[in-house]
Every structure is written in structure tokens, then in C-alpha cells.
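Working notes, structure below.
The values are calculated or read from the model by the stated rules, or taken from the named source; none is laboratory data. Just so we're clear, the structure is a prediction, and the values are computed from it rather than from any experiment. Neighbour counts are summed over all protein chains in view; Cβ atoms, including those assigned to glycine, are modelled from backbone coordinates with ideal geometry. Ligands, DNA and RNA are stripped out before the accessible areas are found, and what is left, the full protein with its side chains, is counted by its heavy atoms. Shrake-Rupley method; radii C 1.70, N 1.55, O 1.52, S 1.80 Å.
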Amino acid sequence: MLIINLIGLGLIVLIIWWFWVYKPQSTQVSDEQGDNSEITVVVKDGVYQPARISLPENKAFKIKFIRKDASPCAASVLFPDLEISADLPINAEFTLQLPALKKGEYAFHCQMKMYSGTVVVK
Amino acid sequence: MNKLTGDQLRNNTQDLIIEGAGCASCVGKIETALKNINGVESAEMNFALRTVSISGNVASEVLIKAVENIGYNAKSASDRSDDELIDEKEVADEKYYASLMKQMWVALALGMPLMIYSLFGGPMTVETPLERGVWLFVGVLCAAIMYFSGKHFYIGAWKSLLNHTANMDTLIALGTGTAWIYSMIVVLFPLALPEMARHVYFEATAMIIGLINLGLALEVKARGKTSEAIKRLIGLQAKTARVVRDKKEIDIAIEQVLLNDIVRVRPGEKVPVDGVVTQGNTSIDESMLTGEPMPVVKAEGDKIVAGTLNKSGSILFKATRVGKDTAIAQIINMVKRAQNSKPPIGRLADIISAYFVPVVMIISIVSALVWLNFGPDPVLAFAVVSATTVLIIACPCALGLATPMSVMVGVGKAAEAGVLIRNGEALQTASKVTAMILDKTGTITEGAPKVTDIIVADESYSEDFILTVAASIESGSEHPLAQAIVDSAIEQNIELENTTDFQAIAGHGVKAMLNGQQLLFGNQKLMLKHSIALNGYVNKAQALAYKAKTPMYLAIDNKLAAIIAVSDPIKSDSIAAIKRLQAIGIRVVMLTGDNRATANAVAKQVGITEVFAEVLPEDKSNKVADLQAQGEIVGMTGDGINDAPALALANVGFAIGTGTDVAIESADITLMRGSLHGLSDAIAVSKATLRNIKQNLFGAFIYNVAGIPFAAGILYPFFGLLLNPVVAGAAMAFSSLTVVSNANRLRLFKPQDH
Ligand SMILES: [Cu+2]
């Protein structure tokens with residue numbers, strides 16, 4: 001019984017670490033291309049891939065979304081801090097222009113928040 | 001360079017629309033420039049349509065650059081229109097719905113009989129070898145169904161797990177997975193478990209997967225309806241336009257209309273793009289855009305807007321805004337953006353749902369541990385059931401949908417009534433407005449003053465003569481009242497004469513010479529300054545002022561000749577609209593730069609008791625601040641640039657934008673028609689939307705949060721009850737459906753009739 005309880009507690013710690021403490025690596029967008037920097041994000045199976053994108057400061061850039069998931073939730077992507085929202089066509093590319101941003105983290109997600117990602121500006 | 005095969009080439013034809021190609025000689029130039037690009041096989045221009053078809057494997061950006069380099073504008077013709085996007089979306093939704101329904105039926109085909117069997121007391125236990133064999137078969141069947149009907153949950157759960165995120169898929173996958181794995185352990189190693197715990201839960205797994213697919217399917221259907229308003233707006237746009245090119249009228253797709261094209265609109269047709277009438281006159285029904293039912297007469301020089309309906313005459317007009325620049329396209333764009341933005345009330349739900357899933361996983365573990373430690377026998381079965389049920393019932397999708405769905409419908413509903421709401425925040429604040437400041441000129445009144453009375457004091461002058469003199473002297477002035485006098489003269493075909501020695505005396509009026517006579521035109525102060533006897537005319541002027549008219553004195557050679565009264569008529573429905581605002585308990589205040597007498601007279605007519613008169617433009621925002629200091633949530637309504645600071649400072653700025661010159665980006669809320677009824681409509685819609693959001697959040701909360709303790713078994717110690725995972729699955733599936741359907745109820749909402 002003690003062992004089972006310990007396993008349970010271990011699981012809880014693992015959940016906390018995995019979902020909250022651990023910071024996944026972000027995909028860096030190089031700024032060599034200047035204002036034409038672009039990254040492709042695939043919307044599929046409940047996640048944005050990549051979901052954590054890091055960008056240089058004060059550079060406008062583009063995210064090309066490719067949505068391969070028919071669920072209606074995946075159909076829109078919102079950047080609440082930037083007042084940006086876009087409808088993503090299914091199985092097609094959609095290019096979203098982001099303005100030049102200041103340092104900080106900008107979350108993006110679908111309507112239900114089932115899909116979520118972050119733009120990290122460094 | 002790679003050689004392309006013929007097949008690849010045929011697949012690589014694209015069309016560009018060329019702007020600025022005015023002559024046939026441009027054709028050769030453009031074709032040559034395009035053919036010179038590496039990879040372009042052929043380029044053929046259709047001059048009449050201003051399109052060029054290019055074959056070759058070259059990115060459209062490269063082609064567009066090349067055309068721009070030789071001095072023309074080009075755009076890709078393959079950019080899909082909103083119309084096509086909506087159609088595509090509907091087709092995709094339909095397919096998705098069908099596949100979800102299929103997955104549902106397959107899962108229920110197994111789940112239903114099993115559940116009925118258990119409901120009628122069929123033993124779900126593993127005792128005999130025969131039972132073991134049967135349940136093993138059912139277990140394998142169940143796995144097949146999990147693969148066929150629930151694959152998307154498991155893949156999604158796995159992907160998001162790797163991504164360090166958890167979502168609805170995670171909970172479903174964990175819940176159904178736990179139930180299945182436990183049941184398989186029972187079947188494969190029955191002896192490892194106490195006899196009482198040898199219970200299988202395959203029916204729960206199958207039913208939950210089936211029900212959630214059903215819930216998703218119904219949600220897809222219901223969601224389609226929430227975007228009806230935007231579909232209607234998009235439907236307003238014409239699909240083709242008849243343009244005059246090379247002296248011929250040809251029908252072309254709306255995307256191909258270029259700036260400055262001359263376009264023909266016949267009676268009964270929709271105006272395809274924004275423009276200015278160049279020939280003919282007609283009346284145009286703008287109700288679809290503004291909600292204003294009366295058709296508007298349009299003649300040469302008048303602006304017309306895409307999406308409106310031509311009623312009577314055939315006209316030619318010059319395209320001034322095309323494609324994404326037309327007012328209707330901008331409105332659609334703005335409504336879409338607003339629909340996807342969230343009011344502050346939704347942020348809480350966002351924060352909750354961001355942490356929700358991992359928290360639920362923890363609760364589920366804790367509840368299993370509690371059952372294991374303190375529960376009655378069979379502890380293991382109870383632990384599994386409670387853990388599964390917690391996972392399933394707590395899915396936060398309804399919570400996530402609660403706000404966006406209502407905002408979507410509410411903003412769309414407002415747009416249908418001619419009210420453009422910029423974002424979710426404006427929507428929420430509008431519902432709380434307690435005081436409304438109305439600018440007088442152009443908001444309560446038409447904003448176009450007219451001459452209403454001419455009282456001749458010296459009988460040797462005729463009214464026409466007086467108007468001629470007044471208009472001649474005022475033709476040099478830029479004052480709006482002066483403009484009214486000049487307009488009246490023009491209306492009566494009076495020819496103006498040249499004045500000399502024109503002199504404007506600030507705060508008084510003007511002074512000039514005409515045909516050797518000295519003219520004075522202005523207020524009482526001007527007359528007193530020049531010691532002109534007014535006799536009984538002061539009272540007559542007073543009487544005019546009480547009727548909200550502005551009297552002006554005209555003296556010729558230092559003798560009073562006439563009083564001319566000018567007034568800015570009150571909009572026909574201002575009184576009713578203001579009554580509506582007051583009826584819902586809003587404190588209505590009038591604000592104007594006009595003199596106190598006129599302001600009070602107007603206020604009295606429309607039923608406003610609080611008036612700020614003689615307010616300088618720069619002080620308007622101070623009045624907003626004053627009311628805010630009194631604890632009011634202030635809405636400010638204005639029409640002009642001079643109102644901008646006050647509009648910005650107010651909690652909600654309402655701009656009166658009429659037709660084409662909609663101040664789309666500047667205000668929180670734009671009323672597309674001139675009527676103040678838009679204010680009450682906007683407030684009513686936002687109140688209804690907020691109420692709807694609260695209902696949704698409450699509903700979602702009940703399902704998700706309040707459901708958890710029941711799922712964990714809080715009722716067991718008292719009533720011996722433990723929630724069935726299947727019930728949890730059904731509750732979860734229908735929670736988001738409830739939210740979407742409740743949001744759809746908003747579609748039926750009607751702002752009060754007027
Ligand atoms: Cu869910």
C-alpha cells in the first residue's frame with residue numbers, strides 16, 4: 001500500500017514537473033533574412049508544431065500556418081495580446097504577418113485553448 | 001537548372017491581374033518582362049480582362065515583382081475570396097461531421113449492447129473460463145474500436161504530451177485508456193485481483209468514445225450557425241461587375257475590377273466596388289450595410305458603397321476602392337477580428353483552462369489514492385472508476401468555448417443591425433455604460449444647418465434681396481452657419497455678388513462693402529458695437545433662439561435690415577432614441593460648443609436635462625473625465641475629428657460613421673447609420689451577449705468543476721453512489737454542445753423595435 005501511495009505521489013510530482021516546471025526548447029527563427037523571416041507551423045493532432053518559437057526583437061515576421069486538422073477548434077488561431085486572429089483554411093497554407101514585437105512572451109492558441117503555443121521575443 | 005517535364009508545366013499555370021495597363025502597347029511590354037524570367041515558359045495577356053496567364057514553375061511573388069519593375073501593379077488572381085473560403089470550410093465541416101458520425105456509430109454498436117446488458121443485471125465479471133474467453137474477445141473488439149473511432153484522441157494526447165501540454169485529448173485518452181487497461185488486466189490475470197474487483201469496463205470505454213464523437217459532431221453543426229452573420233455580410237458582395245474597357249462593357253469577376261475602372265450598375269444589381277458616380281442618377285438601398293431602410297438618392301459626384309443595392313436607375317461610376325479596400329471588405333474583416341477577440345470576462349476561463357488539465361490529472365490520482373487507502377472493497381475497482389470518471393467529466397472544452405461562441409454570435413448580430421464592435425473588450429464595457437454623452441452637432445442633429453426664417457425689418461427689401469446680400473457676404477467665410485446661408489442661396493438659384501473690404505470680427509460676425517453700401521452681419525454684440533437700433537427685434541430674435549434657431553442680424557448702411565435664422569434640424573428619430581436610452585436607466589448628457597440658449601432649446605426638444613454648452617473642443621474630454629470622476633461608466637458619442645480625444649478617453653467611444661466614411665478603426669463601436677437608435681441597439685446586444693457568456697460560463701463550470709467531486713465519489717459515504725463513467729462521458733460530450741447551442745440562442749435576439 002505504501003508503495004502504491006508513493007507511486008501516486010511520484011506521478012503527481014512528475015505531472016507538475018512535466019507540464020509546468022519544464023520549459024521546452026524553442027525553435028529559433030534566424031534574423032538573417034531580415035523582414036522576410038518566416039516559419040512554418042503545422043496544426044495537427046492537437047498541437048502546433050513547433051509550439052514555441054523564438055524571434056529577435058523589433059523584427060516583423062511571418063508565420064505560415066498549415067492546418068491539417070479538421071476539428072473546428074483548429075480553424076482559428078488567436079494572439080490575444082496582439083489583437084490578432086485568423087481563420088486557417090484546411091489543408092492549405094495561411095501566412096500570418098506579425099508586427100515587430102518587443103521582448104516578452106506572446107501566447108497563441110485556438111478558440112478552445114486546446115492548441116497552444118508561444119512566441120518568445122528575445 | 002532543373003528541366004521541368006510537360007506535366008509539371010501544365011500544372012503550373014497561374015493568373016495575375018494587372019493594374020495600370022491603359023493601352024494595348026503595354027501588353028507586349030508586360031509579356032516580354034514576364035517571359036524574360038527564368039522558368040517562365042509562356043505569358044499571355046488578355047487585355048480586355050487585364051489578366052495575364054503565365055506557365056512555368058515560378059513563384060507568384062517573383063512574377064509580381066517583375067511586373068512592378070516595369071511600372072505596373074500586379075496581384076495574384078488565385079487569392080481565394082471570402083466566399084470560396086466559406087464554401088471550402090462548409091465542405092470540410094460536412095466531411096468532418098460525417099466521419100465523426102461514422103466513428104460514433106461504430107463505437108456505440110459495441111457500447112450500447114454491453115451497457116444494456118449490464119443495466120439488465122448481466123454480470124460484467126470474470127469468473128468462469130467461458131466468461132474469460134468472451135470478455136477477451138470483447139476486449140480485443142474494444143481495442144479495435146478505440147483504434148477506429150478514437151485514434152485522434154490518442155494521437156493528439158501523445159503529441160501534446162510530448163509538447164509538454166495537456167488538453168481535452170489527454171483526458172479522454174487517459175480516461176478511456178485506464179478503463180480498458182484495467183479491464184484487460186481483469187481478463188488476462190483474474191487471479192491477481194480480489195474476486196470482487198474482477199469487473200470489466202469495456203462498455204464505458206466504447207460508450208465514452210462514441211458519445212464524445214457524437215458531441216463533437218453536433219458541435220460542428222451548431223458552430224456552423226454561429227458564423228451566419230459573417231456569411232450574410234460576405235453574401236452582400238456582388239460576384240461579377242460590368243466594367244467599361246476599351247469602350248465596351250464587359251462582365252468580369254469582381255476580383256478583376258481595377259482602381260479607376262468605370263463600372264456600370266443597372267437597376268436591381270448590387271454595387272460591386274466602392275466608387276463615385278460619374279454618370280446618371282438613381283436611388284440606392286443601403287439598408288444591408290447601415291440598417292437604414294430608406295433608399296438614398298445618388299447623382300453624379302456622390303459616393304456609393306459596395307454591397308448596396310441599386311434600385312432605380314442605371315449609372316456609371318468610377319471605382320475608388322476595390323478588393324480588400326472596399327468598405328464592406330473592411331467591415332467583414334473587422335467583424336471577423338472582433339468575433340475572435342475575447343472580452344475580459346473570458347480571460348478567467350482562459351487562465352483556468354490553461355492549468356486545468358494537469359490539475360485534473362492530479363485530482364484523479366488523489367481520488368484513486370483515497371479510494372485505495374480508505375475505500376470499501378473492492379477498492380481497486382472503485383479507484384479505477386473514480387479516476388476514470390474524474391478525467392472524463394472534467395474536460396475543459398466547454399469552459400474554453402463559453403466566451404468565444406457568444407462573442408461570435410453577439411458581434412455578428414450587432415453587425416447585422418449596423419453596429420460595428422471593435423473587440424470583445426468594447427462589447428463588455430458597452431454592457432455596463434451608465435452615462436452617455438452625446439455631442440449635439442451631427443449626432444443629435446443632422447449636422448447640416450439650414451436657413452429657417454428670414455424676418456425683414458426694413459420693408460423696402462425683399463427676402464430674395466436679403467438672402468442675396470447675406471450669402472454674398474458670407475461666401476468668404478468658413479463658418480458652418482455661413483455655409484448654410486450660401487447653400488440656401490444656391491438652392492434658390494440666387495447669383496452671388498462680389499463684396500469688398502471683407503473683414504471677419506471674431507465672436508461678432510463680418511463686415512463688408514457691397515455696391516457702395518456698408519454691410520454688417522452677425523450677432524447682437526456686433527449690432528450694439530455699431531450702435532444700430534434693434535427696437536423690438538431683440539425679442540423676435542430671442543423667440544427664434546428658444547426654438548433652437550440661431551438668429552443673425554443683417555444691417556445695411558447702419559440700419560437693421562433683417563434677421564436671418566439658421567438652425568441645425570434634429571434628426572427625426574433622435575427623440576425616440578434618447579428616450580430608449582433613458583428608459584434603460586442611462587444618464588444622458590448633451591455636449592456642445594454651441595451657445596447656451598440654442599443648446600438648451602435642443603436639449604429641451606429631445607428631453608435631455610443635463611447640458612454642457614459652450615464647451616471648447618479641447619475641453620470635451622474634460623467633461624468625460626468629470627463624469628468618470630463621479631463614478632460613471634461613460635459612453636461618448638460623436639461624429640467628428642474634434643470629438644476624437646473625448647471618444648478615446650470615454651470607457652466606450654461610439655462613432656457615428658455614415659456609409660463610406662466609416663471611422664472603422666478609430667472608435668470602440670461604430671454606428672454605421674446616422675441614427676442614435678444604434679446606441680441602444682449596441683448596448684442591448686452587448687448586454688444580451690454578456691448575459692449569454694455568463695450563462696455559458698456557469699454551465700461549463702457546473703459540468704467541469706462541480707462535476708469533479710461527484711466523479712471522485714463524494715456522494716459515496718452518504719448515499720453509496722458513485723458516478724458511472726458513461727454518464728460522465730455523456731455529460732462531457734454534451735457540455736460543449738450546450739454552450740454552443742446557448743450561444744446560438746443569441747441569434748434570435750432582437751434589439752427592441754423602433
Ligand atoms: Cu472535451
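The table for this structure:
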quantity	calculated
Nearby lysines by direct alpha-carbon distance to residue B:547 (threshold 19 angstrom, same-chain neighbours under 8 apart not counted)	B:440, B:450, B:571, B:604
Estimated buried accessible area (total), pair A and B, 1.4 Å, Å² to nearest 100	3700 Å²
Equivalent-ellipsoid semi-axes of the range B:450-567, from the Cα gyration tensor, Å, largest first	19, 17, 14
Accessible area of the range B:450-567 belonging to carbon and sulfur atoms, whole % at 1.4 Å probe	47 percent
Descending semi-axes in Å of the range B:219-375, equivalent ellipsoid built from Cα gyration tensor	54, 15, 13
Kirkwood hydrodynamic radius of the protein assembly as shown, Cα pairs, Å	32.3 Å
DSSP beta bridges in the protein assembly as shown [antiparallel fraction, %, rounded to 5]	75 percent
Per residue solvent-accessible surface (Å²) - the range A:24-121, probe of 1.4 Å	41 Å²
Estimated FRET transfer efficiency when R0 is 35 angstrom, pair residue B:501-residue B:303 (beta carbons, to 0.05)	0.35
Helix-only mean residue ellipticity at 222 nm for chain B, each DSSP H run of n ≥ 4 adding -39500 (n - 2.57), per residue, nearest 500	-16000 deg cm²/dmol
Span from the the range B:688-754 Cα centroid across to the the range B:523-573 one, whole angstrom	67 Å
Principal axes of the range B:225-289: Cα extent on each, largest first, Å	45, 25, 18
The range B:521-609: equivalent-ellipsoid semi-axes (sqrt of 5 x gyration tensor eigenvalues, Cα, Å)	34, 11, 9
Inter-part distance where the range B:142-186 and the range B:405-473 are each reduced to a Cα centre, Å	61 Å
Residues residue B:525 and residue B:619, FRET efficiency given R0 of 22 Å [Cβ-Cβ distance, rounded to 0.05]	0.50
Cα convex hull volume per residue for the range B:13-79 (Å³)	70 Å³
Heavy atoms of residue B:239: accessible area, 1.4 Å probe, square angstrom to 10	130 Å²
The range B:82-226, accessible surface, carbon-and-sulfur percent (1.4 angstrom probe)	74 percent
Chain B: relative contact order in percent, alpha carbon pairs under 8 Å with at least 6 residues between	13 percent
Whether the range B:258-321 is rounded, prolate or oblate, judged on the alpha carbon gyration tensor where a/c under 1.5 counts as rounded	prolate
Rough spin-label spacing in nm, given labels placed 7 Å along Cα→Cβ, for residue B:557 and residue A:2	12.3 nm
Projected area averaged over orientations for the range B:90-199, convex hull of C-alpha atoms, nm²	8.7 nm²
Exposure of residue B:540 as accessible area (Å², to 10), given a probe of 1.4 Å and all protein chains	100 Å²
Where the Cα pairs of the range B:358-425 fall when distances are cut into 5 Å bins, in %	3, 16, 16, 11, 9, 7, 7, 7, 7, 6, 5, 3, 1
Reference-scaled alpha-carbon Rg (2.2 N^0.38 Å with N residues) for the range B:565-689	1.02
Rg over Rh, two decimals, chain B (C-alpha only, Kirkwood Rh)	1.13
Label point distance in nm, residue B:188-residue B:453, each placed 7 Å from Cα along Cα→Cβ	10.0 nm
Volume per residue that the Cα convex hull of the range A:24-121 spans, once the total is divided by residue count, Å³	83 Å³
